[in-house]
Amino acid sequence: MIPAAFDYHRPQGIEDAIAILQKHGDDARVIAGGHSLIPMMKLRMADVPNLIDLQDIKSLKGITVQNGRVTIGAMVTQHELITNDALASAAPIMREAALQIADPQVRYMGTIGGNIANGDPANDMPGLMQCLDATFTLFGPNGTRGVKARDFYEGAYMTEREDEEIMTAIHFDASADGYAYEKQKRKIGDYATAAAAVTLTKTGGTCRSASIAMTNLSDTPIWSKAAGAALIGTDCNAAAIKAAVAAGLEDIDPSEDNRGPVAFKYHAARMMISRAITTAWARA
């Protein structure tokens, strides 16, 4: 289908984009890669009289790794996450997860900011950002503020971002010790039926720290504090992994849909968490 008529804006700076948002209010939406919004407009499920394209705003681009801290501009594409060597060295889980998103055509255009800010519980990056304890920078009429990934998601497509705010960057500490992103899906390029992100550190054969987050198993991404805590102080043996999986399953609330019934979702979650922990421990 063809979208309804709209006015197209392509601002050169973030302040200009905010000004257009303020001028048009509910009649304006920003677009990053467009893989979520454009299909909705074509199906006439979203009426957007004013479309604000962020492609020309240079301040929203680029990846830096400095003093153990990673900063990624919101308009960085999934392809750039895969091909950036500094990022792959500082946080290899980013490349591993990005390679499992859709297909190359989508990854060339889809952005990390769009994947995160949309609030879609099926997107891969929100759960990963919670696993990494990332902070999102938002810019709006009242200036800049930071929001923790673990506090950002309120419900399906509902986030802490205000209507007149734009996500500008993502920040997290480098994490190159044990890591894994495991994703079960119906076919290549599909959203996850269940996915798990795990990072952990090992000292002297013992797990010193662990973080576990899950994707598409509730109406928000789920970071399970209890699941990570179950691994700390252990050698990630079978009993420890079983305890972590049980804790993670307590925190999710999957729904039946075209990817399967609730019982299958729990089974898939159990497998993904277990595999992710096992792989992360082997890599640590």
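Things to note:
- Computed E for Lys185/Ala88 - FRET, C-beta separation, R0 25 angstrom, nearest 0.05: 0.65
- Taking every DSSP helix (H) stretch of at least 4 residues in the chain, weighting each as -39,500 (n - 2.57) and dividing the sum by the residue count yields a mean residue ellipticity at 222 nm of -10000 deg cm²/dmol.
- Under 19 Å between alpha carbons - lysine pairs in the chain that sit 8 or more apart or on different chains: 9
- Where the chain is the region considered: accessible area per residue in Å², 1.4 Å probe: 45 Å²
- For the pair Glu250 and Ser59 in one chain, pulling the backbone fully straight at 0.36 nm per residue adds 64.7 nm over the alpha carbon distance.
- Point-charge dipole on Cβ atoms (K/R +1, D/E -1) for the chain, about Cα centre, debye to 20: 1000 debye
- Selection from Ala46, Gly155, Gly110 lying farthest towards where the dipole of the chain points positive, charges on Cβ: Gly110
- Build a GNM of the chain with springs between Cα atoms under 10 Å apart, and of Glu250, Glu164, Glu96 the one that fluctuates most is Glu250.
- Förster radius 51 Å - calculated FRET efficiency between Arg10 and Asp235 (Cβ-Cβ, nearest 0.05): 0.40
- Kyte-Doolittle mean at least -0.5 and Cα axial length at least 30 Å: DSSP H helices in the chain: 262-283
- In the elastic network of the chain, a GNM with C-alpha springs shorter than 10 Å, the most mobile of Met40, Met109, Met214 is Met40.
- Fluctuation leader among Pro121, Pro261, Pro11 - the chain, Gaussian network, Cα springs under 10 angstrom: Pro261
The values are calculated or read from the model by the stated rules, or taken from the named source; none is laboratory data. This is a predicted model, so every value here is computed, not measured. We place every Cβ from the backbone using ideal geometry, glycine too, and count neighbours over all the protein chains shown. Remember, those area values only see protein heavy atoms, side chains included, never the ligands or the DNA or RNA. Shrake-Rupley method; radii C 1.70, N 1.55, O 1.52, S 1.80 Å.
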